[in-house]
Amino acid sequence: MIIVMNSKATDDQVQEVEKRIQEFGFRSRPSQGEDRFVISVLGSPIPDALQEALEHLGGVQEVVRISKKYKLVSREFHPEDSIVDVRGVKIGGPEVVVMAGPCSVETEQQTLETAHAVKAAGATMLRGGAFKPRTSPYDFRGLGEEGLKILAKAREETGLPVVTEVMTTADVDLVAEYADMLQIGTRNMQNYLLLEAAGKSGKPVLLKRGMSAEIEEWLLAAEYIMAQDNEDVVLCERGIRTFEKLTRNTLDLSAIPVIKRLSHLPIVIDPSQGTGKWYLVPSMMRGAVAAGADGMLVEVHPNPDHAMSDGGQSLTFENFQEAMDSSSAIASAIGRSIPKGSGVPVSADD
Ligand code: PEP
Ligand code: MN
């Protein structure tokens, strides 16, 4: 339920509304939109008596029941698009934000070299996994804290904010110490304690869609984060499981307009996990931009054939530059932009 205050409501009237909500045992959350001030009631089920009590208070224009199970995430609660600021990079605005880098941080050299290359091609954030969820326990599972240190060094050299995955509640503080944005992976989308811990960290969160999750379940997972007083949530579609075997996952580009209709949160597309094949990634980047994605998460490696994870879906520097150029043309055609990099990577040891 949301309470829309009239434009002349005083602070005292707002406080009175919040007090009544709390008296009924619910939490309240105020939010100033572009042209209206609303207070949201968090909790369920909300009794009719509360609705009636609020309707009679001064300064209240309207009390609206939100039909969806998710509230803070819904467009009904927040009609304007949200913009999430990650160390100065704005996700959800006119610019399409490209977060690129290796699947896994393997060595300092590999990460720095990649960071410089993706920046030169126009990426404005660096991705890279230090804690890797792997299907087989015998595969490379990441460098852990050593990997986080390498990412922090790459940020220092390039200025690119870093997004990296956190897999357990126990690691949230550690990862938050180094990262600018916490990534919750597909396998953890319904790890509710992790969602809450990431929410409490105060860092922006990139929430991947579970590989078998419906869009509503994904939005409810985002609600867990936002219910921790964290408004900085970005959704990431990374492909879902279908019967198709020629692609690793089925990248659901229709999720973009669906999310835009239901939620105010920004959405980015991961065409790398989404297809599993490097030669499919550029077309899906262009498709994502055309469909209205606010950003992309793309795997790039200096030598994909020797990557320790996801080499088959990683772009070389050259392929990434080409994919950025063609995506940028699509962005211009729909009134958005992808920043142009210098085109010339500064080598890691310059
Ligand atoms: C990744 O981004 O490298 C990754 C492991 O993603 P996902 O959780 O989508 O599989
Ligand atoms: Mn990967």
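The values are calculated or read from the model by the stated rules, or taken from the named source; none is laboratory data. Bear in mind the structure is a predicted one, so any value in this text is a computation, not a measurement. Every residue, glycine as well, gets a Cβ built from its backbone with ideal geometry; the counts of neighbours run over all protein chains shown.
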>> Checking the condition closer than 27 Å to residue 77 by Cα and modelled with pLDDT of 95 or more, which residue from 277, 260, 245 passes?
In response: 260
> Just wondering, is there one or more residues in the range 247-255 that are over 21 Å from residue 128 (Cα atoms), within 16 Å of ligand 2 (Cβ to nearest atom) and either assigned by TED's automatic domain parsing to the domain that holds residue 90 or in contact (Cβ under 8 Å) with a residue 40 or more places away in the chain (or both)?
Replying inline: yes
>> When you scan the range 237-245, do you find a residue that is surrounded by 17 or more Cβ atoms within 10 Å (Cβ to Cβ) and under 26 Å from residue 201 (Cα atoms), even just one?
In response: yes
> Give me the pairs: first residue in the range 261-289 and among the basic types (Lys, Arg), second residue in a helix (DSSP H, G or I), beta-carbon distance under 9 Å, and six or more apart or on different chains, which are they?
Replying inline: 277/312; 277/313; 286/323; 286/326; 286/327; 286/329; 286/330
>> I'm trying to understand the selection: among the residues of the range 193-244, which are in contact with a Pro (Cβ under 6 Å, 6 or more places away or on another chain) and aliphatic (A, V, I, L, M)?
In response: 234
>> With the structure loaded, tell me whether residue 8 is under 22 Å from the mean Cα position of the chain (by Cα) and part of a loop (DSSP other than H, G, I, E, B) or whether it fails that test.
In response: no
>> I'd like to verify a number: residues in the range 292-318 that are within 16 Å of ligand 2 (Cβ to nearest atom), surrounded by fewer than 19 Cβ atoms within 10 Å (Cβ to Cβ) and not in a loop (DSSP other than H, G, I, E, B), how many?
In response: 4
>> Looking only at residues that are in contact with a helix residue (DSSP H, G or I) (Cβ under 6 Å, 6 or more places away or on another chain) and assigned to a loop (DSSP other than H, G, I, E, B) in the range 76-110, which one is farthest from residue 276 (Cα to Cα)?
In response: 96
>> Going residue by residue through the range 154-161, is there one that turns out to be closer than 22 Å to residue 238 by Cα and in contact with an Asp or Glu (Cβ under 6 Å, 6 or more places away or on another chain)?
In response: yes
> Name the residues in the range 265-291 that are within 16 Å of ligand 2 (Cβ to nearest atom) and among the small types (Gly, Ala, Ser), would you?
Replying inline: 272, 274, 276
